[in-house]
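The values are calculated or read from the model by the stated rules, or taken from the named source; none is laboratory data. Quick caveat, the model's predicted, so the values are computed rather than measured. Here the Cβ positions follow ideal geometry from the backbone for every residue, glycine too, while neighbour counts run over all protein chains shown.
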Amino acid sequence: MDNNAANWGEGEGLDFINLFCQKFGCPEAKFEKLLFQECLYPEGKDLARLLRVFRPGLFAADFELIEGVKHTTSFLELKKQVDFYAAQTSHEGGLRVLFKMRLSKSRLLNLAKSLFAATPAGPRSS
């Protein structure tokens with residue numbers, strides 16, 4: 001199988017939080033905040049940072065997703081969490097959507113794909 005294939009099975013190596021923290025040189029305690037910032041739509045980053053101080057509950061679904069992907073050990077496992085998040089937030093409208101103040105699923109998936117691809121075992125098929 002091509003090592004760049006996206007059809008990766010269950011992993012055996014490091015979980016997502018460890019892969020992320022190694023790449024970005026951050027302690028695990030900063031994982032949630034840094035992943036949130038990394039995966040926000042660029043257009044909404046400044047406003048999201050400001051609103052997060054005054055209305056932290058506005059981003060509860062995003063942080064639930066971050067918590068859900070934290071200990072995943074494969075791209076497919078992480079993608080299932082993202083798909084669940086997408087289904088749960090598909091009804092959202094309003095300011096979060098209009099001003100893109102939410103996690104970008106594609107940014108998160110692309111980041112995960114690059115991190116899991118860089119593991120020594122590489123991608124695995126099911």
> Does region 18-34 contain at least one residue that is of a type in the set (Gly, Ala, Ser) and part of a loop (DSSP other than H, G, I, E, B)?
Replying inline: yes
> Which one of the conditions (1) surrounded by fewer than 15 Cβ atoms within 10 Å (Cβ to Cβ); (2) out of contact with any Asp or Glu (no Cβ under 8 Å at 6 or more places or on another chain); (3) at pLDDT below 95 does residue 58 fail to meet, given that it meets all the rest?
Replying inline: (1)
> Take the residues of region 23-55 that are under 17 Å from residue 109 (Cα atoms) and aliphatic (A, V, I, L, M): which is surrounded by the fewest Cβ atoms within 10 Å (Cβ to Cβ)?
Replying inline: 34
> Which of the residues that make up region 105-114 are crowded, with 17+ Cβ neighbours inside 10 Å and either more than 19 Å from residue 18 (Cβ to Cβ) or in contact with an Asp or Glu (Cβ under 7 Å, 6 or more places away or on another chain) (or both)?
Replying inline: 111
